[in-house]
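Presented below is the structure to which this report refers.
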Ligand code: SF4
């Protein structure tokens, strides 16, 4: 039976529905890079990206086995013994290596008791057939395998402006090819990108709703020290959204996404030392963002999938 405690299908509820217990993601960092940083696609990376979006407490130089076992120990101390795990390859581009290297890093997750899945963050232009086949092999053996593709926006002008160095078509192509296999696909989007309108955000949500994706991560744009976007922000080239504006747009997106799509996240945080703006993206305020998004949906009397008109799904 499906558990649903929020006006949207959260990842926590999805895991509870599927496994009957808490599933904790163990986030790891590999010593990889990204084709948008090393010159193979472009130099410098996406304008918002700091260290490949690596959480500050992770060190890619620490052996992967150590990172996983420490993450599992921490989760067991916090949530008790009766939990399961996903190993989440998060930072940089976790499909950007030769097949042998990739097999080794994904195989490492299988060595740990209680690991029921892996989650691999990557770019949509970094999903060649042989890598998707490798990942599908784990799914065929019973592991739950998610692939996370960053889209950020369905507006190609925005993608150029933020130096993504891929197009919307790369994303559509990667999703359709991944979904020919027993893989689950999660898309990342950012709300509040410079010079985007509400129509752009709605268009991005509509694109996701029209594709066979399984999950979405929705992030508010946050400006991190040391990034190109930090310089643009300091020069006054754009402003970040207020919490109210973000919550309204996030609710718009949730209302468009089909009810079966798992909403992995509706916030994004970075430690206060590195965060420039907005202040609601500090870890201390995470719950405030979650509350605000729910509050907006409740006030509107809406929920995930309730905007059926958006894609002519009116019955
Ligand atoms: S593709 Fe990902 S890792 Fe590479 S620069 Fe952009 S956000 Fe950073």
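Values in this text are rule-based calculations from the coordinates and carry no lab data. A quick note: this is a predicted structure, and the numbers were derived from the prediction, not measured. Cβ placement follows ideal geometry from the backbone for every residue including glycine, while neighbour counts extend to all protein chains displayed.
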Quiz item: Somewhere in the stretch 81-90, is a residue surrounded by fewer than 20 Cβ atoms within 10 Å (Cβ to Cβ) and within 9 Å of the ligand (Cβ to nearest atom)?
Solution: no
Practice problem: Return the residue satisfying two criteria in turn: it lies in the stretch 95-104 and is more than 17 Å from the chain's Cα centre (by Cα) and buried (at least 19 other Cβ atoms within 10 Å of the Cβ), and of such residues it is nearest to residue 139 (Cα to Cα). | Solution: 102
Self-check item: Filter pass, residue 160 being within 16 Å of the ligand (Cβ to nearest atom) and surrounded by fewer than 17 Cβ atoms within 10 Å (Cβ to Cβ)
Solution: yes
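This table checks each residue for (1) within 16 Å of the ligand (Cβ to nearest atom); (2) surrounded by fewer than 19 Cβ atoms within 10 Å (Cβ to Cβ); (3) at positive phi.
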position: 124; (1), (2), (3): yes, no, no
position: 133; (1), (2), (3): no, yes, no
position: 145; (1), (2), (3): no, no, no
position: 180; (1), (2), (3): no, yes, no
position: 196; (1), (2), (3): no, no, no
